[in-house]
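The values are calculated or read from the model by the stated rules, or taken from the named source; none is laboratory data. In this text the structure is predicted, and so the values were computed from the model without any measurement. Neighbour counts run over all protein chains shown; Cβ positions are idealised from the backbone, glycine included. For accessibility, only protein heavy atoms count, side chains too; no ligands or nucleic acids. Shrake-Rupley method; radii C 1.70, N 1.55, O 1.52, S 1.80 Å.
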Amino acid sequence: MYDFAKIEQKWHRKWSEQNIYNTPDNPTKKFYLLEMYAYPSGDIHIGHFRNYGVGDTVWRYLRMNGYDLLHPFGWDAFGLPAEQAAIKHGLPPREWTIKNIETGKKTIQELGISYDWDREIRTCEPDYYKWTQWVFLKLYQAGLVYRDTSTVNWCPSCKTVLANEQIIGGKCWRCDSIVEKRELEQWFIKITDYVQRLLDDLDKLEGKWPQNIITMQRNWIGRSEGGEFDFPIDGTDIILPIFTTRPDTIYGVTFMSVAPDAKIMKKILPYISTDRQNAIGEYIKTALNRTEIERSTESSEKDGVFTGLYAINPFDGEKVQIWVADYVLASYGTGAVMAVPAHDQRDFEFAKKYNIPIKVVIQPKNTQLNPDEMTEAYTDTGIMVNSKLFDGTFSTDGIGKVIEYASQKGIGRKKITYRLRDWLISRQRYWGAPIPMVHCDKCGTVPVPEEQLPVLLPQEDKVDFIPKGRSPLSDVPEFVDVKCPKCGGPAKRDTDTMDTFVCSSWYYLRYLDPHNEHQAFAQSEAKKWLPIDLYIGGAEHATGHLIYSRFVHKVLFDLGYIPKECGDEPAKRLFNHGMVLDEHGDVMSKSKGNVISPGKLIEKIGIDATRVAMLFFAPPEKEILWSESAVKGAVRFLTRVESLFGKSPQSKEIPDVNSLTDSEMVMLKSLHRTIKRVGEDTRPDRMQFNTAIAGLMEFLNILPQDFGPEHKLYYTVADNFVRLLAPFAPFIAEELNEKLGFDKNVFTRNYPKYNENLAKIDEIEIGVQINGKLRGTINISTDASQQTALELASSDSKISKWFEGKAIRKVIYIEGKILNIITK
RNA sequence: GCCGGAGUGGCGGAAUGGCAGACGCGAUGGACUCAAAAUCCAUUGAGGUAUAACCUCGUGUGGGUUCAACUCCCACCUUCGGCACCA
């Protein structure tokens, strides 16, 4: 093995002296390269290294291709684990966080990733969260922030509310506790105001973002077209509006269902007769106590209670029962549905259980539906029946016609509903950016004026971190008691802190201008660098961070903080790297003890070999199972490279092409083909690093055994090879570059260029098929005629014996690809 | 249940209509060595008594389109992700 430690230490030192990772002030050919910043958990494992290694490879390739790069890094430094550490170990959150950042940063620096550390950001520092609060105020001024009391998701263990995006299968994303419901007053951001744009603009990202992320976002947004119809409640002046995607089934309504926690329940309750009120109150109470998990596991058994009230179908005046049922979601549509048991499976099950009539209004083509015999709802299309003036209309046409009719009569309208909910951002925790709002008895909620930002977190020694179900900040009088910014009277600060997804929704903007004390970022800097040209990170952020940041970007764009020419999407291209699992396919975790630490690996085989192994393993978007044995190939490869090209050339002369012998010519041509292939595979729009490295290995395999510094082409070959290798194995490439006599840093040299003529293959072995079966191969020039190909095939007895004496019916000849002879 | 991805030697993978298995790991044999490690060379999809030549089969399964299919189309199986009473 070559002395990687010596080489890597040497260039670590030199590169840091040369500041090669600094961002140029005035980019001419700009490229904003970004990897998702990190949560400072303390250990950088091999999965992180994959993320950063992919980015670093791109950086080095682009740098050699003359790009001016912005390649920053930072820390998602707020969040719960810091507080938990405080509770468990008595370590203040800030201290714990900073310690972890320092460890993580040290590891990343040891790995030699090309970050410009002058632009490092830490979201827990006042000079950052001042601007997170500023972003909040901008959202507020744009009318996108509101406070609302509603049923929210509550994690009993973290003792805080959670956003929809932070619940995975009914459980808390952090601690796996089963999420409960609570009614609380919380801060929301109206992301739903932007929902259609967030959906439409996904089209702009088509082909540039991974398809699965786009699809996941589309599903998450969940646009449904349909109609909203007003059902008056009999004997009251309440209108019960409902949303449906099947207006064509409106005449099939036999009851109504309202969610127990629907807002409209409060209006309905007073009208419910006293003898029923208790039962209904009881039902609502138990329904709300059921967790999402309970509700979904018991999903086959739907239940509910009749309210004793009736709704009037505005189309035919028919009276139908109103039920409270917990299969209806309060937070979707109006929290109430029209139930059509004949044509909706859920309504069908409910109707069967409570003996509610089933009325068929859609008849399929081939069979005749009979309500008494139906075992499940018929949800497909068909002809509308029992539907008065719509009888005979095909259901898909009926949808539009029913809506049109309702609009004319003023009983309904076309309506689009989305699955996406508003963004709940308050957290009852200490370690986050305080929400810059003040509650004044006289003036109501008053935003903190911009010039008073940041609203600083109180000293940690004044705070008790033990969760009590309210923000720890609310027990700190110095923090809470404040003068109202408007009237100067006594007022109280809001004590919630912001969801960390607010911090991360705009961090890529702070990198543009991280030391600006007067602005979040200057427009002039935004103009230089935005948008992000390539954003690299894991797919787990598909419906969280990647939607929030698109949203915040659009708001700041609309407000004019992001210049027009930067566009209203943050990232042009997105790339998801695959996960690194252990050799059994398990996720690496401290508790399993299967974590591969890059630190240990680089001690053993060096940074370059670790990088090459990781990149060669599989294409970067695929998940990989890490195994020790695969690393050997990388070590062997680099050792071979070092022993081949680690010698000074005898001559630096570039020989004239005409002076080369045939075998030298073969070598030169192979070199140019390698430059072409490796260059294309390394490009950031391809990132086929595994095949690029294979190309380099293949090239080494064609070199003659005695290839060395005395060879006429040694200098040419070594020089080009080293530059092709540089993005993958930067340290050894730099060392060999120096040995070749370059005093210029390899990354400031140009990426090799190939000569089209030399890269061209002029003679190639192609397959010869007889009737589609491969029978042999011929060597043929790539521009030879079909006639020549046939002659060559005929002159080869191994091939010709298959068609000799038979009549040839057809010949297919594709230059440089195949010859197929079809006989009778 | 719905949406999306994936299925190729002993293993990771390559080929996106044109010689399936590039490249690497592992394995086997050989060279070097007192020996081992390292290194180098050769062989390595399965089968046909088979490392002369040759033939057959082979990319999850079954059909189809085509001169030609890992690649395109249809159905299914397995598997991994996402969503999941969204009306």
**Complete:** Across the stretch A:618-643, the tally of residues that are among the hydrophobic types (A, V, I, L, M, F, W, C) and at pLDDT 90 or above stands at 6
**Item:** Every residue from the stretch A:245-265 that is over 38 Å from the mean Cα position of the chain (by Cα) and in a loop (DSSP other than H, G, I, E, B)
**Value:** A:Val253, A:Thr254
**Complete:** Checked A:Lys817, A:Lys806, A:Lys753 against criteria (exposed (fewer than 14 other Cβ atoms within 10 Å of the Cβ) and within 12 Å of RNA strand B (Cβ to nearest atom)); the one match is A:Lys817
**Message:** Between A:Val717, A:Val768, which is assigned by TED's automatic domain parsing to the domain that holds A:Arg683 and crowded, with 21+ Cβ neighbours inside 10 Å?
**Reply:** A:Val717
**Request:** Those residues that are more than 9 Å from RNA strand B (Cβ to nearest atom) and surrounded by fewer than 12 Cβ atoms within 10 Å (Cβ to Cβ), I need them from the stretch A:788-803; list them, please.
**Result:** A:Ser795, A:Ser797
**Item:** Leading residue by the ranking (farthest from A:Asn755 (Cα to Cα)) among those in the stretch A:681-710 that are within 10 Å of RNA strand B (Cβ to nearest atom) and either acidic (Asp, Glu) or assigned to a loop (DSSP other than H, G, I, E, B) (or both)
**Value:** A:Gln705
**Message:** Out of everything in the stretch A:776-787 that is farther than 11 Å from A:Glu815 by Cα and open to solvent by less than 80 Å² (accessible area, probe 1.4 Å), what residue ends up being farthest from RNA strand B (Cβ to nearest atom)?
**Reply:** A:Ile778
**Asked** Is the stretch A:315-330 home to any residue that is within 16 Å of RNA strand B (Cβ to nearest atom), over 18 Å from A:Ala259 (Cα atoms) and either more than 43 Å from the chain's Cα centre (by Cα) or open to solvent by less than 10 Å² (accessible area, probe 1.4 Å) (or both)?
**Response** yes
**Prompt:** Do we have any residue at all in the stretch A:272-290 that's open to solvent by less than 20 Å² (accessible area, probe 1.4 Å) and under 32 Å from the mean Cα position of the chain (by Cα)?
**Reply:** no
**Asked** What number of residues in the stretch A:480-519 are in a loop (DSSP other than H, G, I, E, B) and over 22 Å from A:Arg427 (Cβ atoms)?
**Response** 15
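This table checks each residue for (1) touching a residue at least 60 places away in the same chain (Cβ under 8 Å); (2) over 16 Å from A:Met498 (Cβ atoms); (3) out of contact with any Lys or Arg (no Cβ under 8 Å at 6 or more places or on another chain).
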residue: A:Lys414; (1), (2), (3): yes, yes, yes
residue: A:Pro436; (1), (2), (3): yes, no, yes
residue: A:Gly444; (1), (2), (3): no, yes, yes
residue: A:Pro447; (1), (2), (3): yes, no, yes
residue: A:Leu453; (1), (2), (3): yes, no, no
residue: A:Asp464; (1), (2), (3): no, yes, yes
residue: A:Glu478; (1), (2), (3): no, yes, no
**Identity of the residue in the stretch A:409-439, in the same structural domain as A:Asn313 (by TED's automatic domain parsing) and away from RNA strand B (no atom under 16 Å from the Cβ), that ends up most open to solvent (accessible area, probe 1.4 Å)** = A:Lys409
**Fill in**
Restricted to the stretch A:358-388 and to residues being open to solvent by 60 Å² or more (accessible area, probe 1.4 Å) and either within 16 Å of RNA strand B (Cβ to nearest atom) or outside the structural domain of A:Tyr251 (by TED's automatic domain parsing) (or both), the residue farthest from A:Val337 (Cα to Cα) is A:Thr375
**Prompt:** Could we say that A:Asn355 is free of Cβ contacts under 8 Å to residues at least 12 places away in the same chain and open to solvent by less than 60 Å² (accessible area, probe 1.4 Å) here?
**Reply:** no
**Prompt:** If you go through the stretch A:789-811, how many residues are out of contact with any Gly (no Cβ under 7 Å at 6 or more places or on another chain) and β-branched (Val, Ile, Thr)?
**Reply:** 2
**Single residue of the stretch A:74-127 satisfying the filter (outside any helix (DSSP H, G or I) and more than 30 Å from A:Asp608 (Cα to Cα)) that is farthest from the chain's Cα centre (by Cα)** = A:Gly90
**Message:** Kindly evaluate A:Phe637 against the criterion of being under 26 Å from the mean Cα position of the chain (by Cα) and within 10 Å of RNA strand B (Cβ to nearest atom).
**Reply:** no
**Request:** Please find, within the stretch A:1-38, the residue that is nearest to A:Ile605 (Cα to Cα) out of those that are part of a loop (DSSP other than H, G, I, E, B) and out of contact with any helix residue (DSSP H, G or I) (no Cβ under 8 Å at 6 or more places or on another chain).
**Result:** A:Asp3
**Item:** the stretch A:537-565 residues that are basic (Lys, Arg), paired with ones that are open to solvent by less than 10 Å² (accessible area, probe 1.4 Å) (beta carbon under 7 Å, 6 or more apart)
**Value:** A:Arg550/A:Leu198; A:Arg550/A:Pro570
